[in-house]
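Participant: This is the structure, below, for whatever I ask next.
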Amino acid sequence: GAVVSQHPSWVICKSGTSVKIECRSLDFQATTMFWYRQFPKQSLMLMATSNEGSKATYEQGVEKDKFLINHASLTLSTLTVTSAHPEDSSFYICSCDRSYNYEQYFGPGTRLTVT
Amino acid sequence: AQRVTQPEKLLSVFKGAPVELKCNYSYSGSPELFWYVQYSRQRLQLLLRHISRESIKGFTADLNKGETSFHLKKPFAQEEDSAMYYCALSPPRETSGSRLTFGEGTQLTVNP
């Protein structure tokens, strides 16, 4: 149990376009979902925390108008990278929190390349 | 501010040798500490957490509040232990759930 999926697994887009990444908890309800960014050979950097039905809480330095997060249900959160630029190219990972044990379960990640 | 430091980016040992991956943290209070592992081409997964006080795949980690450390140890490394290991910290769950701060990670290679 506790499987988290992300879609797409990789995406290439042109500068100026927007890209949406989905994160789903497949077999449990997630009270909280997290979005991370990971640069090559670097650690995960928390971007934002989202709770179902409320606005996401963004970490310092993360542009909320650029990285739009919607957490519409207990099993789905989306991250939209708006007006993407090459510097947004990265590996984006989501995780879901099971409230009863506060353990985070991670998705496989989405590789975004902006050309 | 909370911070997790893993001083070694790369660690290489031979099969059967003991291994210790270092982790130091800074936090005002009593955080929860975790070790996550990422095997090649796989997603990040929880290895162990300090509150469980359990041994997973032969690994143990002891929280030393005096030294603010949470080093990961295994007495006899196996080749399948080769992976990226991340130490992570979260505030006490009752304050803000499970928001994690990760260290930079240590790439462990176990040679035959």
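Participant: Show that you can apply the helix-only estimate: for chain B, add -39,500 (n - 2.57) for every DSSP H stretch of four or more residues, divide by all residues, and state [θ] at 222 nm to the nearest 500.
Facilitator: Result for chain B, helices only: -500 deg cm²/dmol.
Participant: May I pose another question? Roughly speaking, what is the stretch gain from A:R111 to A:F39, that is 0.36 nm per residue apart minus the C-alpha to C-alpha distance, in nm to one decimal?
Facilitator: Taking A:R111 through A:F39 to full extension adds about 24.9 nm, to one decimal.
Participant: Applying the Karplus parametrisation 6.51 cos²θ - 1.76 cosθ + 1.60 with θ = phi - 60° to the phi angles of the stretch A:74-82, what ³J(HN,Hα) value in whole Hz is obtained for each residue in order, glycine and proline being reported as x?
Facilitator: 6, 10, 9, 9, 10, 10, 10, 8, 8
Participant: Using the 2.2 N^0.38 Å rule of thumb for compact globular proteins, work out how chain B stacks up: its C-alpha Rg over that value, please.
Facilitator: Output field value: 1.03.
Participant: So, one more: What whole number of Å gives the distance from the Cα centroid of the stretch B:8-32 to the Cα centroid of the stretch B:55-79?
Facilitator: 7
Participant: Which loop-located GluC sites (Glu not before Pro) does the stretch B:15-74 contain, where loop means any DSSP state but H, G, I, E or B and the Cβ has at most 14 other Cβ atoms within 10 Å?
Facilitator: Answer by residue number: B:E54, B:E67.
Participant: Which value in Å does the Kirkwood hydrodynamic radius of the stretch A:48-94 take, with 1/r averaged over all unlike C-alpha pairs and then inverted?
Facilitator: Mean inverse Cα-Cα distance, inverted, gives 11.4 Å.
Participant: Another question, then. Sort by residue number and name the cysteines in the protein assembly as shown that have no neighbouring cysteine Cβ under 4.7 Å.
Facilitator: Isolated Cys, the protein assembly as shown: A:C13, A:C96.
Participant: Please turn the phi angles of the stretch B:63-72 into ³J(HN,Hα) values with the Karplus equation 6.51 cos²θ - 1.76 cosθ + 1.60 (θ = phi - 60°), one per residue in order, whole Hz, x for glycine and proline.
Facilitator: Residue by residue, the stretch B:63-72 yields 7, 10, 5, x, 9, 6, 10, 8, 6, 9 Hz.
Participant: If you don't mind, another one. Kindly give Rg over Rh for the stretch B:26-79, based on alpha-carbon atoms, with the Kirkwood expression for the hydrodynamic radius.
Facilitator: In the stretch B:26-79, Rg relative to Rh is 1.00.
Participant: For the protein assembly as shown, what is the largest minus smallest coordinate of the Cα atoms on each principal axis, given in angstrom and ordered from greatest to least?
Facilitator: Principal axes ranked by extent give 51, 39, 34 Å for the Cα atoms.
Participant: Given just the C-alpha atoms of chain A, how large is their convex hull per residue in cubic angstrom?
Facilitator: Convex hull of Cα atoms, per residue: 96 Å³.
Participant: Going down the table (A:K41/B:K57; A:K41/A:K66; B:K22/B:K65; A:K66/B:K9; B:K9/B:K74; A:K20/A:K66), which pairs top 22 Å between alpha carbons?
Facilitator: Those over the limit are A:K41/B:K57; A:K41/A:K66; A:K66/B:K9.
Participant: Using DSSP loop states and a limit of at most 12 other Cβ atoms within 10 Å to flag trypsin sites (Lys or Arg not before Pro), what is the longest stretch of chain A containing no flagged site?
Facilitator: Answer from the scan: A:56-115.
Participant: Short version: ³J(HN,Hα) in whole Hz for each residue of the stretch B:21-33, in order, from phi by Karplus 6.51 cos²θ - 1.76 cosθ + 1.60 (θ = phi - 60°), x for Gly and Pro, what are they?
Facilitator: Taking θ as phi minus 60°, the curve returns 9, 8, 8, 10, 9, 10, 6, 8, x, 10, x, 9, 10 Hz for the stretch B:21-33.
Coordinate-derived values only; no laboratory data. Note that the structure is predicted; figures quoted are calculated from it, not measured. Cβ atoms come from the backbone with ideal geometry, glycine included; neighbour counts cover every protein chain shown.
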